[in-house]
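> Sharing a structure here in structure tokens format.
The values are calculated or read from the model by the stated rules, or taken from the named source; none is laboratory data. Computed from a predicted structure; not experimentally measured. Glycine also receives a Cβ, built like all others from the backbone with ideal geometry; neighbour counts cover every protein chain displayed. Side chains included, ligands, DNA and RNA excluded: accessible areas come from the protein's heavy atoms. Shrake-Rupley method; radii C 1.70, N 1.55, O 1.52, S 1.80 Å.
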Amino acid sequence: MEKTIRIQYLNDQIKHLEYIDGKSDWIDLRAAEDITMKKGEFRLIPLGVAMQLPAGYEAHIVPRSSTYKNFGIIQTNHMGIVDETYAGPNDWWYMPAYALRDTEIHRNDRICQFRIMEHQPSLCFETVGELDAPDRGGIGSTGKN
């Protein structure tokens with residue numbers, strides 16, 4: 001079932017979001033302004049959008065696979081989470097970035113991406129003496145043979 005996301009753009013210079021059906025269900029986000037960063041600098045890079053997500057959903061924001069190669073930045077929180085309550089007219093989206101080299105990012109450069117996910121269902125934790133599922137061999141055990 002199709003969901004509607006209401007979007008406010010910072011200005012007319014920000015390219016509008018596109019959903020490219022059949023290619024990926026991740027949606028690219030772009031830098032909202034020209035950014036110059038020196039190696040070792042931290043910056044909140046404005047993405048030029050504020051959104052009202054559907055009730056019961058959250059957005060997961062991660063770098064694009066080419067972001068480090070193209071710009072030499074990493075996202076400091078590894079994955080940003082925006083829930084549907086962050087939806088006011090001043091609740092702009094940002095990418096927290098750390099520069100591993102001197103870099104320039106230009107307005108409308110694609111630097112990260114997002115998808116929306118339903119909230120996790122309510123969970124109940126049950127304490128047991130031992131788990132009864134098959135043993136996989138512990139951490140790092142897949143791919144050894």
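> Restrict the search to the range 7-116; then list the trypsin sites (Lys or Arg not before Pro) that DSSP places in a loop and that have at most 15 other Cβ atoms within 10 Å of their Cβ.
Counting only loop positions with at most 15 other Cβ atoms within 10 Å, the trypsin sites (Lys or Arg not before Pro) in the range 7-116 are 15, 23, 38, 39, 101.
> For the pair residue 60 and residue 18, what calculated FRET efficiency results from E = 1/(1 + (r/R0)^6), where r is the Cβ-Cβ distance and R0 = 25 Å, to the nearest 0.05? Could you put the intermediate results ahead of the total?
Numbers: r = 18 Å, r/R0 = 0.73.
It comes to 0.85.
> Roughly what percent of Cα-Cα pairs across the range 44-145 reach past 21 Å?
On the way: 2802 of 5151 pairs.
Here the tail beyond 21 Å accounts for 54 percent of pairs.
> Within the set of other residues whose C-beta is less than 13 Å from the C-beta of residue 110, count the net charge using Lys and Arg as +1 and Asp and Glu as -1.
On the way: positive: 15, 30, 64, 69, 107; negative: 18, 28, 109.
Summing Lys/Arg as +1 and Asp/Glu as -1 gives +2.
> Would you kindly calculate the translational diffusion coefficient of the range 1-106, applying Stokes-Einstein with the Kirkwood radius from alpha carbon pairs, for 37 °C and a viscosity of 0.692 mPa s, and quote it in µm² s⁻¹ without decimals? Could you put the intermediate results ahead of the total?
Values: Rh = 14.8 Å.
Stokes-Einstein gives a translational diffusion coefficient of 222 µm²/s.
> Report residue 16's accessible area, 1.4 Å probe, all protein chains in place, as a number in Å² to the nearest 10.
Roughly 120 Å² of residue 16 is accessible to a 1.4 Å probe.
> Could you give me the ³J(HN,Hα) list for the range 111-123, computed from phi with Karplus coefficients 6.51, -1.76, 1.60 and θ = phi - 60°, whole Hz, x at Gly and Pro?
Coupling constants for the range 111-123: 10, 8, 8, 9, 9, 9, 9, 5, 4, 4, x, 4, 10 Hz.
> Just to be sure I follow the rule: in the chain, considering lysines 8 or more places apart or on different chains, how many pairs have Cα atoms under 20 Å apart? Don't jump to the answer; show the numbers that get you there.
Values: 3/23; 15/23; 38/69; 39/69.
Taking the chain as the scope, the lysine pair count is 4.
> Quick check: the distance between the Cα centres of the range 1-78 and the range 112-135, to the nearest angstrom?
Cα centres, the range 1-78 to the range 112-135: 27 Å.
> Moving on. Let me check I've understood the local charge: for residue 42, count other residues with C-beta under 15 angstrom from its C-beta, Lys and Arg +1, Asp and Glu -1. What total comes out?
+2
> Considering only DSSP states other than H, G, I, E and B, which chymotrypsin sites (Phe, Trp or Tyr not before Pro) in the range 86-144 qualify as loop sites with at most 12 other Cβ atoms within 10 Å?
On the way: sites: 86, 92, 93, 94, 98, 114, 125; in loops: 86, 92, 93, 125.
Filter output for the range 86-144: 125.
> State in Å² the accessible area per residue of the range 20-145; use a 1.4 Å probe, count heavy atoms of protein chains only, and round to the nearest integer.
Numbers: 8320 Å² over 126 residues.
Ligands and nucleic acids excluded, the result is 66 Å² per residue.
> Quick query: amide H of residue 95 versus all other amide H atoms, modeled in the peptide plane; which residues come in under 5 Å with a sequence gap of 5 or more or a different chain?
Excluding prolines and chain starts, which carry no amide H, the hits are 45, 47.
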